[in-house]
Structures are given as C-alpha cells and as structure tokens.
Amino acid sequence: MRLLVKGGRVVDPANDLDKVLDILVEDDKIVETGQNIYAEDCIIIEAHGKLVCPGFIDLHTHLREPGFEYKEDIYSGTRAAAAGGFTTVCCMPNTDPVADNKTVISFIKEQARVKGVVNVLPVGAISKKQEGQELSPIAELFQAGCVALSDDGRPVRRADLMRYAMEYAKMFDLPIFSHCEDRDLSGDGQVHEGFYSTYYGLKGIPAAAEEVMVARDIILSQLTGAKVHICHVSTRGSVELIRRAKEEGVNVTAEVTPHHLVLTDEVIGSYDADTKVNPPLRSREHVEALLKGLNEGVIDCIATDHAPHEREAKDCEYNMAAFGISGLETAIPVSMKLVHEGKLSLKRWVEAYTVKPASILNIDRGSLTPGGKADITIIDPELIKTVEVEKFYSRGWNTPFKGMKFKGWPFMTIVNGKIVFEDGEIKV
Ligand code: DOR
Ligand code: ZN
C-alpha cells in the first residue's frame, strides 16, 4: 500500500527541515520526501495548511494493563495515544502484577500486538514489585524487550539499590527513568507547598522533595556513568541541577509534562481532584523556569505522564483522591498553546516530542528520513476545539482541561505506514 501526503508543512527537526513538501510512503517505510512527488496507485492525503511531523513519541504513559483495566487497558490506551497524535508510547511498569519479569513484559507486548494501534515499548521495573528492596532481573527485562527501567509512581528510596540498578542498566545501555521524590519530605502532601496550599488548607509537597532526589540521581549517574532520565520535572531547582549536570557532562536527560508547563497551583482553588497530580502543579516561578529550561534544551522532551483513573478515584474528597491526569488526548493542543503564544518555537516543540525521545530510547524513529519507519503525525494547527472527555478514547476522564478550548489538534496519525486515526476517528 502506498500513501502520498501532499503539500503539508513538513517539520522534521532531525533533518533540519521546515518546508512545504510531499511525502511518499510505501508499506511501512518512508520512500521519499520532496516537492511535487508524482506517484500512481496511492492514497492521497491532502495536507495543505497542516503540519506534517515525525510520529510523536511519549516516554511516559500508564497503560494500566495488566491489573487496572478499569482505569485503562492496552486497547483503550493505544487508541487514546493515536487520537492524541502519538505513534509510540513507553508504558510504565506500575501494573498488577508489576512489570518486573519477562512474563509480564511478554504479555504486554503480545496484547499490544493483538489489540494495540500504536507502537508500545515496555518499561521494566527497577525493583521487584516496585518495593525498592531487591533489584528486578535486569538482564531478563532487557532480553524481553524493555527499553528503560523505572519504579515510576514510586521513588527508589534506597541510594544503594539505585546505584546497583544503574550499574546493571549501563551494561545494557538502558536508561533509568527516575521518579524523583523524597517520600519523607512529600509525606501525605496533596499539592505544591506554598501560598495556595496554606490559603486553601491543603497539605503541601515542597519543591525540595523532588530536588534532593534529582541531586542524588545526578550524583549516582556521575558515579556509575549510567543514563539517567528525570521524569516529570516540576521545579526551578531541578532545572538548575540538570543544567549544571549537563554542563559537567553527566549523562542526564529530562522531561516535562504539558500540565506542568501551562497550569499553576492557583487552579487547586476549585478543589477539583482532577488537578491533583504527582509531582503537584507548582507556582508561577517554577512554571516559568520549566518553560525556560525546555526552550534552552535543559529539559529535552515533553512527556504526558498519562495517568488515567476510574471516576470513583477522583470523585471524592481532595485528600482521598488518586494522583494523576489523563494526558494523551490533550498533550498536543495544551502544549501547542505555548507555540501559538510565541513562548516556544515550533521546531523545539516538535523536537521535544520526536527526535529527542527517540534518541533517549536509542530507537530508529522520530524523523522522516527516507528508508525509515513511516510513523507520521499530522496536525491541524488552526483547528479550535473544546476538550470533551465524553469523546475520549481513554477510559480516564480525569483532566483539569475539561471544557477548555484549545487551538491545534491532531488531524491524522500514521503508524508503520497505516492510517490509525483520521479527523477525530480511530480507523482500525
Ligand atoms: O500523578 C501521578 N500518577 N504520578 C505518578 O507518579 C504516578 C501516576 C499514576 O500511576 O497514577
Ligand atoms: Zn512519576
């Protein structure tokens, strides 16, 4: 099968391209990018006025299967990904059972093959059952196809265990995705510790709870030489630590979520539990530092931390609610707001979703180079739409963006040369 994507604005930072071009796809490969390509017997995709980008890659998705299918599963989660413009997602191991051995990883891969509509790359747990006591069988996880290691959802409390995890991870060139949180400092905090936590009477989580762990993991990366990727960076201090570490040549990378980039802790005044997320939404000075860090490349990627939950987990008292935001289907419109407002360049924005995550994973995706896999995300930058959770493909309706209007939405998602999402609808 052949596809010809005609006349779109092709933005491919990996090849330093930003130009109106056509793209020819045959089977699962990109054959050619160029002007006025002529080809017979192919499906023509009219892309005038659209942005044509390499397929977006999400480093941080909770697909919840096995064990929490009432929150999400691989069927619904990969459809949410496709509808959100993502062609590849890395799924986190905080499932039940935890993805800490080859059996669970094989199960995830098999389910993804049978019922998934985007590429699913599993992340294995650092410690058995994510209990932070004993290392998972890291060689086994690598051989089973894990692309990274993480205890996300929980921090690795013990520094010695994290050190050993890094030493093993390094042997296989696997990055460690670190959820940085000192649980003694975050305690039973619910929101960012600052003016609004006091004003609204909710327990605070200080910025330092994240920063002390970021500092520790940078130091351990220095010690071991392992690749450390800091998940969902949310504070100015973390950005500064990462900046300094990169200057010193430490093997560290970082991601920020769309919600941490556009919302401040002021929104907790609604007492809407959909604003409850870990790490918490921070104050303006932190949000500004995150945007600056992203612009400067100190923060490499934008990742969703898609954390779907069932209604009961959120439809309760703030203190009782689960942490997490369902993010796959709003990531593009929410973060594109920064591009429309001139706060982030289009090139940097696309890079943060494509070539940067691909290079962290060391996978051959994230570009539109001829010969490569045909993963393509096509965006309508002018389409204005309201976030309607009832129309989500995700089972998680927990988003603080519900009812809000945004400009710039996915128009088409092509995975391995197949159209999986088009104009609001999943096609498979
Ligand atoms: O808000 C969050 N939700 N943060 C995490 O680290 C875990 C995630 C989840 O799994 O629900
Ligand atoms: Zn996390």
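Quick check on segment 98-194: take the gyration tensor over C-alpha atoms, sort the square-rooted eigenvalues as a ≥ b ≥ c, and tell me if it's rounded (a/c under 1.5), prolate or oblate. Could you put the intermediate results ahead of the total?
Numbers: a/c = 2.37, a/b = 1.45, b/c = 1.63.
Judged from the Cα gyration tensor, segment 98-194 comes out oblate (a/c at least 1.5, b/c at or above a/b).
Give a quick list of GluC sites (Glu not before Pro) in segment 290-366 that DSSP marks as loop, anything other than H, G, I, E or B, with at most 12 other Cβ atoms within 10 Å. Intermediate results must be reported in sequence, preceding the final value.
Details: sites: Glu296, Glu310, Glu312, Glu317, Glu329, Glu341, Glu351; in loops: Glu310, Glu317, Glu329, Glu341.
The qualifying sites are Glu317, Glu341.
Just the number please: accessible area per residue for segment 349-402, 1.4 Å probe, all protein chains included, in Å². Working shown, then result.
On the way: 2150 Å² over 54 residues.
So segment 349-402 comes to 40 Å² accessible per residue, rounded to a whole number.
Remind me, relative contact order of the chain in percent, using alpha carbon pairs under 8 angstrom and six or more residues apart? The partial results should precede the final answer.
Details: 1086 pairs, mean separation 85.3, N = 428.
With pairs under 8 Å counted, the relative contact order is 20 percent.
Taking 0.36 nm per residue of separation and subtracting the Cα-Cα distance, what length does fully extending Met1 through Asp16 add? Walk me through the intermediate numbers first.
Working: separation 15, 0.36 × 15 = 5.40 nm, distance 2.81 nm.
So the chain would gain 2.6 nm between Met1 and Asp16.
Would you please give the FRET efficiency between Ile43 and Ser106, computed as 1/(1 + (r/R0)^6) with r the Cβ-Cβ distance and R0 = 30 Å, to the nearest 0.05?
Computed FRET efficiency for Ile43 and Ser106 comes out at 0.30.
From the backbone phi of segment 165-174, what are the Karplus-calculated ³J(HN,Hα) couplings (6.51 cos²θ - 1.76 cosθ + 1.60, θ = phi - 60°) in whole Hz, Gly and Pro given as x?
4, 5, 5, 5, 4, 5, 4, 9, 6, 8
Using a basic spin-label model with each label point 7 Å from the Cα along Cα→Cβ, how many nm lie between Asp28 and Asn362?
Using points 7 Å along Cα→Cβ, the separation is 2.1 nm.
Report the charge-dipole magnitude of segment 127-213 in Debye, nearest 20, computed about the Cα centre from +1 at each Lys and Arg Cβ and -1 at each Asp and Glu Cβ. Numbers along the way, then the final one.
On the way: 9 positive and 15 negative charges, 26 e Å.
Charge dipole of segment 127-213: 120 debye, to the nearest 20.
Could you provide, to the nearest whole Å², the per residue accessible area of segment 288-347 with probe 1.4 Å? Don't jump to the answer; show the numbers that get you there.
Details: 2190 Å² over 60 residues.
Per-residue accessible area for segment 288-347 comes out at 36 Å².
Got a sec? Charge dipole of the chain, +1 on Cβ for Lys and Arg, -1 for Asp and Glu; which of Gln130, Asn398, Val267 is way out at the positive end?
It is Val267, whose Cα lies furthest towards the positive end.
For segment 85-126, what does the alpha-carbon gyration tensor say about shape, rounded, prolate or oblate, given a ≥ b ≥ c as the root eigenvalues, a/c under 1.5 as rounded, and a/b over b/c as prolate?
On the way: a/c = 2.54, a/b = 1.54, b/c = 1.65.
Oblate is the answer for segment 85-126, as a/c is 1.5 or above yet b/c matches or exceeds a/b.
What number comes out for the charge environment of Asn295, summing +1 per Lys or Arg and -1 per Asp or Glu over other residues with Cβ under 9 Å away? Walk me through the numbers on the way to the answer.
Numbers: positive: Lys292, Lys343, Arg348; negative: Glu296.
Residues near Asn295 contribute +2 overall.
If you take the charge dipole of segment 20-178 about its Cα centre, with +1 on Lys and Arg Cβ and -1 on Asp and Glu Cβ, which of Gly67, Val20, Phe107 is farthest toward its positive end?
About the Cα centre, the residue reaching furthest to the positive side is Gly67.
Name the long-range amide H neighbours of Phe411: under 5 Å, sequence gap of 5 or more, or other chain; modelled H, no Pro or chain starts.
Those qualifying (amide H under 5 Å, at least 5 residues apart or on another chain) are Ile378, Ile379, Asp380.
Which of the lysines could a cross-linker bridge to Lys115, judged by Cα under 24 Å and excluding same-chain residues fewer than eight apart?
Lys29, Lys71, Lys102, Lys373, Lys391, Lys418, Lys427
Across segment 259-272, in residue order, what do the Karplus-derived ³J(HN,Hα) couplings come to in whole Hz, using 6.51 cos²θ - 1.76 cosθ + 1.60 with θ = phi - 60° and x for Gly and Pro?
5, 5, 7, 10, 10, 10, 5, 4, 5, 5, x, 6, 6, 7
Quick one: ranking Val428, Val5 by accessible area, 1.4 Å probe, largest first, what do you get?
Values: Val428 80, Val5 0 Å².
Accessible-area ranking of Val428, Val5, largest first: Val428, Val5.
Rounded to the nearest 20 debye, what is the charge dipole size of the chain about its Cα centre when +1 sits on each Lys and Arg Cβ and -1 on each Asp and Glu Cβ? List each step's numbers first, then the result.
Details: 49 positive and 64 negative charges, 48 e Å.
Magnitude of the dipole: close to 240 debye.
Using a 1.4 Å probe over the heavy atoms of the protein chains, calculate the carbon and sulfur portion of the accessible area of segment 131-266 as a whole percent.
Details: 2640 of 5420 Å².
Carbon plus sulfur share of accessible area: 49 percent.
The values are calculated or read from the model by the stated rules, or taken from the named source; none is laboratory data. Quick caveat, the model's predicted, so the values are computed rather than measured. No Cβ is skipped: glycine too gets one built from the backbone with ideal geometry, and neighbour counts run over all protein chains shown. Please note that ligands, DNA and RNA were not included when accessible areas were found on the heavy atoms of the full protein model with its side chains. Shrake-Rupley method; radii C 1.70, N 1.55, O 1.52, S 1.80 Å.
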